[in-house]
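Here is the structure we will look at, set down as structure tokens.
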Amino acid sequence: AGSAETCLNGVLTDTNAVSTLAGGSQGSGDGTGAQAEFNEPFDLALSPDSAYVYVADKNNHRIRKVSASTGEVTTIAGSSQGSADGTGTSATFQKPRGISVNPDGKTALICDASNGLIRKIDLTTTEVTTLAGNGNSFQDGVGTIARFNNPRGIVIAPDGDTAYIADLYNNRIRKMIISTQTVSTFAGGSSAGSDDGTGESAKFSQPTFIALNSDGSTLFVADLNNRLVRKIVVSTQVVSTLSGTGEWGNVDADTGSAVKWVHPTGIAVYDDTFVIVTDGNIDGVRAVQISDGKTFKIAGKGGTSSTDGYVEGTGDAARFNSPRGIAVSHDNKYAYISDDDNYAVRRIELCNGLTSPSAIATLDTCMQTAFSQSSAVQDFAGTGSGGYVNGANSAAKMDDPTAVAVSTDSSTVYVGDKHNNAVRAVVVTTGVVSTLAGTGSEVSGDAADGTGSAAGFKKPKGIAVHPSDGTLLVTEEACKVRKIVISTGVVTTLAGSLSENCDYADGTTTNARFSKPEGIVFNSDGTYAYVADKDNLRVRVIQYATGRVGTVAGDGDSDTMDKPTGLALTSDGKTLYIASKDSHKIFKLDLSGGAISAGTLTHFAGEGGSSSNNQNTLLTSTFNKPFGLALYTDAFLFVSEEAGDVIRVIKLSDSSIGSIAGGTDGDTEGSGWDGTTQGTARFKKLQQIAFSPDGGYMYVADKESDKVKSIKFGGCVSSSYVVALCESSGSCSSKATITQSSSSSSSSSSSSSSSSSSSSSSSSSSFSSSSS
């Protein structure tokens with residue numbers, strides 16, 4: 001890992017820098033790696049998680065899908081030359097040359113160049129429809145009223161509803177609003193030229209490919225016949241020249257105004273600091289620094305005439321044959337190139353990802369200081385040896401604690417003691433551990449309702465504190481959600497029923513079915529609770545007053561969401577974060593349509609690999625079985641990793657990510673991370689996490705150490721946060737003033753956590769109907 005420029009320069013000498021992902025021979029056959037065939041692949045685009053490469057296979061008139069991990073190639077749309085809409089191979093194209101995948105990963109747009117059309121493909125159903133265009137000419141307008149002339153490059157903005165198109169023979173950059181199919185001219189005029197300027201006063205000469213930086217603020221254009229790389233500020237439409245004199249040649253230089261190109265073709269943004277450009281007619285790949293236009297070669301021989309070939313290895317030794325489109329993976333580790341006349345998809349390893357200070361979440365000074373203290377992480381309850389003993393925390397024993405939740409007044413921590421089949425209570429000020437409910441031993445058959453030790457549990461896994469009525473909800477592995485009255489220890493079943501296979505069913509109370517539910521979270525007025533229904537691969541919602549159960553996310557398919565375990569809800573009740581343990585990802589559920597609405601589920605963080613790495617973006621960072629989630633003042637999302645033995649933090653205002661404690665298997669008190677340096681604290685199979693409502697501590701269920709541990713945050717929240725919680729719960733004896741760090745980026749004056757968060761949204765939506 002290293003800086004962007006170091007990574008790019010390293011390509012020249014890295015022995016395995018350039019390789020072939022798929023193809024290498026002319027034809028149309030699907031297959032894996034070298035068994036697959038292409039016929040002049042012209043452009044390519046990546047899925048949001050970089051798991052798949054989508055290829056516009058020009059002379060096969062097809063759209064192909066390539067697995068980035070295996071090189072397996074399949075045809076998803078197109079079969080022969082034509083312009084017919086349809087599904088899969090029933091749709092037809094005529095020399096598709098440009099492709100871009102929507103940020104939501106659901107659709108792609110294609111420049112169907114020889115037809116003069118912009119087409120859309122649903123990547124799930126493979127249905128192809130025509131959005132705009134009708135033959136090659138020029139006209140702005142809506143849908144088929146609009147005209148393009150051999151559209152080549154296309155890129156979709158981060159909003160998912162705006163596309164920019166390099167309209168080759170019209171010498172223009174066009175803009176299309178996808179939802180309305182409205183096409184307008186964004187830059188470039190009626191004649192070819194190289195003038196910089198604003199909007200239509202600027203000129204291009206056969207712009208080919210186009211790229212956007214990560215926030216969608218700047219466009220970059222490979223201006224083919226002008227031999228220039230151009231830049232467009234999206235907000236002002238100001239066009240300027242980034243690299244190139246306009247003269248024919250192959251000259252690198254430290255400033256853009258001294259660089260020469262032959263035919264800049266494909267273009268992609270790398271780390272928001274460089275663009276990588278294929279110079280097709282001299283078979284080279286070059287990098288351009290965005291700040292000053294500095295340009296240098298990273299792969300291919302280059303020269304001033306064709307130096308084509310088909311060679312793998314170091315960047316300097318590698319050879320291409322008319323490289324066209326280029327796309328950079330979201331972890332900045334690979335660039336994929338459509339090697340047109342080698343009939344192949346090539347891959348350049350740019351670096352082992354980028355790690356820079358921007359990849360580490362910038363916490364406010366108060367929190368960062370707290371984590372780095374030698375006593376930041378402490379044992380809170382449990383001795384470190386499994387057992388079932390009540391008493392002072394130094395003598396009390398637990399057996400695989402999995403869940404934690406904190407009372408509304410922050411005075412008591414409730415623990416799901418899995419193998420003791422009990423719910424324990426720990427008094428914060430004294431450390432005394434007692435059993436609130438449960439037998440402390442294995443329960444045969446169904447777990448019975450009852451009072452205190454007369455009630456049975458079967459492996460409690462999640463706990464949530466009701467914000468006002470003095471009860472807990474507890475999920476258990478035996479497929480039920482139980483309710484405990486804290487003052488009396490009375491246990492009843494709110495929803496679910498033990499059945500042989502712990503089925504899936506929506507319904508009311510015991511007619512509903514769960515399968516090994518885990519994390520649970522209330523909204524702040526306690527009308528609804530959300531449940532991570534792990535083995536059903538879904539998130540459920542329970543109406544607290546009636547016990548009626550519905551489903552708000554997941555479809556039972558592990559490809560959608562695999563083993564959800566942890567939940568955290570924002571204070572406005574509009575966003576639910578979900579830890580998907582076996583997907584190694586964090587998902588985000590939009591609940592803005594109402595508390596019980598099945599909202600839009602999106603991939604929020606985690607590449608899917610089973611490691612613990614902070615990268616420049618959330619989607620390229622990796623988690624190793626993320627298990628528990630907790631929100632802190634709606635500004636920071638904390639994640640516990642079961643297999644990574646580390647607690648991570650995501651700063652929601654800028655999507656940066658870092659580590660706060662742990663990272664190595666063990667059972668040690670001590671310091672958390674100090675910036676980028678791991679401290680001395682160690683964990684052993686982390687489970688659920690929860691904040692105290694006063695913001696002073698995070699409590700951690702450290703399963704295989706048989707302990708609950710605490711991490712001190714003391715004083716790092718605003719007084720308004722504490723006041724809001726006191727007023728909502730009505731249980732705070734005083735409203736203490738806590739100094740807020742001047743650098744705090746808290747975005748809300750009220751908090752949410754894994755045990756008490758968010759107000760419910762009114763909704764006309766209803767639960768799913770059930771025959772039971």
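For this structure, a couple of remarks:
- One residue alone among ALA512, ALA437, ALA447 is farther than 23 Å from PRO401 by Cβ and among the small types (Gly, Ala, Ser), and that residue is ALA512.
- Test: residue in region 208-215 that is modelled with pLDDT of 95 or more and surrounded by fewer than 21 Cβ atoms within 10 Å (Cβ to Cβ): no
- Scope region 486-514; condition within 23 Å of TYR414 (Cα to Cα) and either surrounded by fewer than 17 Cβ atoms within 10 Å (Cβ to Cβ) or in contact with a helix residue (DSSP H, G or I) (Cβ under 6 Å, 6 or more places away or on another chain) (or both); matching residues: SER487, THR488, GLY489, THR492, ALA495
- Condition met for SER720 (farther than 23 Å from ASP665 by Cβ, open to solvent by 40 Å² or more (accessible area, probe 1.4 Å), among the polar types (S, T, N, Q) and modelled with pLDDT under 95): yes
- Only residues that are part of a strand (DSSP E or B) and either among the hydrophobic types (A, V, I, L, M, F, W, C) or at pLDDT below 95 (or both) were counted in region 265-285, giving 11.
- Selection count, region 95-104, where residues are open to solvent by 50 Å² or more (accessible area, probe 1.4 Å) and either at positive phi or among the polar types (S, T, N, Q) (or both): 1
- Residue match in region 601-612 (condition: under 15 Å from the mean Cα position of the chain (by Cα), among the aliphatic types (A, V, I, L, M) and in a strand (DSSP E or B)): yes
- Flag for GLY86 being surrounded by fewer than 24 Cβ atoms within 10 Å (Cβ to Cβ), at pLDDT 95 or above, in contact with a Leu (Cβ under 7 Å, 6 or more places away or on another chain) and not aromatic (Phe, Trp, Tyr): no
- Matching residues in region 286-299 - criterion: being among the hydrophobic types (A, V, I, L, M, F, W, C) and in a loop (DSSP other than H, G, I, E, B): ILE290
- Taken over region 268-291, the criterion of being open to solvent by 10 Å² or more (accessible area, probe 1.4 Å) and touching a residue at least 40 places away in the same chain (Cβ under 8 Å) is satisfied by VAL269, ASP271, ASP272, THR273, ASN281, GLN289, ILE290.
- Scanning region 144-162 for residues that are hydroxyl-bearing (Ser, Thr, Tyr) and open to solvent by 50 Å² or more (accessible area, probe 1.4 Å) yields a single hit, THR144.
- Scanning region 515-531 for residues that are assigned to a strand (DSSP E or B), touching a Lys or Arg at 6+ places or on another chain (Cβ under 7 Å) and open to solvent by 10 Å² or more (accessible area, probe 1.4 Å) yields nothing.
- Leading residue by the ranking (surrounded by the fewest Cβ atoms within 10 Å (Cβ to Cβ)) among those in region 624-654 that are touching a strand residue (DSSP E or B) at 6+ places or on another chain (Cβ under 8 Å) and among the polar types (S, T, N, Q): ASN624
- Looking across region 310-359, the residues that are β-branched (Val, Ile, Thr), at pLDDT 85 or above and either assigned to a loop (DSSP other than H, G, I, E, B) or over 19 Å from the mean Cα position of the chain (by Cα) (or both) come down to VAL311, THR314, ILE326, ILE337, VAL345, ILE348.
- Looking across region 657-713, the residues that are open to solvent by 10 Å² or more (accessible area, probe 1.4 Å), of a type in the set (Ser, Thr, Tyr) and under 26 Å from the mean Cα position of the chain (by Cα) come down to SER659, THR664, THR676, THR677.
- Taking the conditions (1) touching a residue at least 60 places away in the same chain (Cβ under 8 Å); (2) under 36 Å from the mean Cα position of the chain (by Cα) in turn, THR383 satisfies each one other than (2).
- Any chance THR107 is free of Cβ contacts under 8 Å to residues at least 24 places away in the same chain and polar (S, T, N, Q): yes
- For region 113-129, the set of residues classified as out of contact with any Gly (no Cβ under 8 Å at 6 or more places or on another chain) and part of a strand (DSSP E or B) consists of ARG119, LYS120, ILE121, ASP122, THR129, listed by residue number.
- Flag for GLU607 being surrounded by 21 or more Cβ atoms within 10 Å (Cβ to Cβ) and at pLDDT below 85: yes
- Screening GLY199 on (1) open to solvent by 10 Å² or more (accessible area, probe 1.4 Å); (2) out of contact with any Lys or Arg (no Cβ under 9 Å at 6 or more places or on another chain); (3) at pLDDT 95 or above shows it passes everything except condition (1).
- Within region 237-249, the set of residues being open to solvent by less than 50 Å² (accessible area, probe 1.4 Å) and at pLDDT below 95 comprises GLY249 only.
The values are calculated or read from the model by the stated rules, or taken from the named source; none is laboratory data. In this text, all values refer to a predicted model and were calculated from it rather than measured experimentally. With ideal geometry, Cβ positions are generated from the backbone for all residues, glycine too; neighbour counts draw on all protein chains shown. Surface accessibility is based on the protein's heavy atoms, side chains included, excluding ligands, DNA and RNA. Shrake-Rupley method; radii C 1.70, N 1.55, O 1.52, S 1.80 Å.
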